[in-house]
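Encoded as structure tokens, the structure appears first; notes follow it.
The values are calculated or read from the model by the stated rules, or taken from the named source; none is laboratory data. Everything numeric here is computed off the predicted structure, so don't read it as measured data. All Cβ positions, glycine included, derive from the backbone under ideal geometry; neighbour counts span all protein chains shown.
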Amino acid sequence: MKILISGYGRMGKEIAQKATELGHEIVGVYNREEDWDSDPQALQICDVVIDFSRPLAAPGNIRRCLVAGKPIVTGTTGWYDHLPELTMLCEKTNGAVFYAPNFSLGVNIFLEAAERLAQALNNFAYEASIKEIHHIHKADAPSGTAIALAARVISQMDKYNEWQIVLSGKADEGKLPITAVREGEVTGYHELTFRSSNDIIRLSHEALDRSGFVMGALTAAKWLLNRRGFFTMKDMLRD
């Protein structure tokens, strides 16, 4: 594939390195908003864009790709309030977007397990909570994966209707508490806890390095070629 990298932080650099090792070609790197205008040729000649930029930049990057007729895979989080608008633009342009809060296969299996566990405990007296830990460089909190995890739990448990980020203590009535911690160089840790008066059930996932995210993003990019629509990891794993 001819790949354009959008966002040249830690993930962007690792994706570029792994893609090159696998025989793909990096035709350009856009690390600032003005790069899209100063180097338009890279967008024109690429097969797919892989975006790990910033929450404020991601919606504009997706729009540019859709207008240019280029598929885009994005692992950037914190922009999902723009989903309705961008979904409509995707349909209008017959474009292709693949977004995921986390491209790790293990994390997505973890999310499936969490949803089933929440369903099993719905009629019992368990209180759920989520804790996530990431490195100090991560821009958004809670993480996109934590939000996706909360959505899975909320969809299966009648006592919750939305999530709430908390520093300590309990969340408001009907809200699922999420604690977000930023420390050191932690790649990513997510923990779902169900607590009753009798016991505690914990389900957790810890990323040891970024290689799983990198391979997931490259796999998604290859899968997205010649497809049209808005897709997630569920679509690819089901396929």
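Candidates are the residues of region 20-42 that are within 20 Å of residue 57 (Cα to Cα) and in contact with a strand residue (DSSP E or B) (Cβ under 7 Å, 6 or more places away or on another chain); the one that is surrounded by the fewest Cβ atoms within 10 Å (Cβ to Cβ) is 39. Scanning region 5-19 for residues that are buried (at least 19 other Cβ atoms within 10 Å of the Cβ) and in a helix (DSSP H, G or I) yields a total of 4. Would you please name the residue that is farthest from the chain's Cα centre (by Cα), looking only at residues in region 86-125 that are farther than 27 Å from residue 61 by Cβ and crowded, with 22+ Cβ neighbours inside 10 Å? Taking the candidates together, the pick is 118. At pLDDT 95 or above and basic (Lys, Arg): does that describe residue 32? Answer is no for this residue. Against the conditions (1) assigned to a helix (DSSP H, G or I); (2) touching a Cys at 6+ places or on another chain (Cβ under 9 Å); (3) closer than 30 Å to residue 192 by Cα, residue 62 satisfies every one except (3).
Taking the listed residues 97, 107, 73, 67, the one that is part of a helix (DSSP H, G or I), in contact (Cβ under 8 Å) with a residue 60 or more places away in the chain and β-branched (Val, Ile, Thr) is 107, with no other qualifying.
Checking region 140-162 against the condition returns a match, with at least one residue being closer than 19 Å to residue 103 by Cβ and surrounded by fewer than 18 Cβ atoms within 10 Å (Cβ to Cβ). Taken as a whole, the condition of being touching a helix residue (DSSP H, G or I) at 6+ places or on another chain (Cβ under 7 Å) and either more than 27 Å from residue 204 (Cβ to Cβ) or among the small types (Gly, Ala, Ser) (or both) applies to residue 71.
Those strands (runs of 3 or more DSSP E) of region 137-227 in which 1 or more residues are in contact with a Ser or Thr (Cβ under 6 Å, 6 or more places away or on another chain) and under 30 Å from residue 50 (Cα atoms) occupy 188-195, 200-207. Inside region 20-42, residues that are hydroxyl-bearing (Ser, Thr, Tyr), within 25 Å of the chain's Cα centre (by Cα) and outside any strand (DSSP E or B) make up a count of 1. Scan region 128-147 for residues that are of a type in the set (S, T, N, Q) and out of contact with any helix residue (DSSP H, G or I) (no Cβ under 8 Å at 6 or more places or on another chain) and jot them down. Listed by number, the residues that qualify are 129, 143. It is to be established whether one or more residues within region 189-196 are surrounded by fewer than 16 Cβ atoms within 10 Å (Cβ to Cβ) and either under 15 Å from residue 115 (Cα atoms) or of a type in the set (A, V, I, L, M, F, W, C) (or both). No, because not a single residue in region 189-196 is surrounded by fewer than 16 Cβ atoms within 10 Å (Cβ to Cβ) and either under 15 Å from residue 115 (Cα atoms) or of a type in the set (A, V, I, L, M, F, W, C) (or both).
Considering region 146-176, and only residues there that are under 26 Å from residue 76 (Cα atoms) and of a type in the set (D, E, K, R), the residue that is nearest to the chain's Cα centre (by Cα) turns out to be 152.
Among the residues making up region 43-56, those that are surrounded by 15 or more Cβ atoms within 10 Å (Cβ to Cβ) and under 21 Å from the mean Cα position of the chain (by Cα) are 48, 49, 50, 51, 52, 53, 54, 55. Kindly establish whether residue 117 is within 19 Å of residue 232 (Cβ to Cβ), at pLDDT 95 or above, assigned to a helix (DSSP H, G or I) and not β-branched (Val, Ile, Thr). So residue 117 fails the test.
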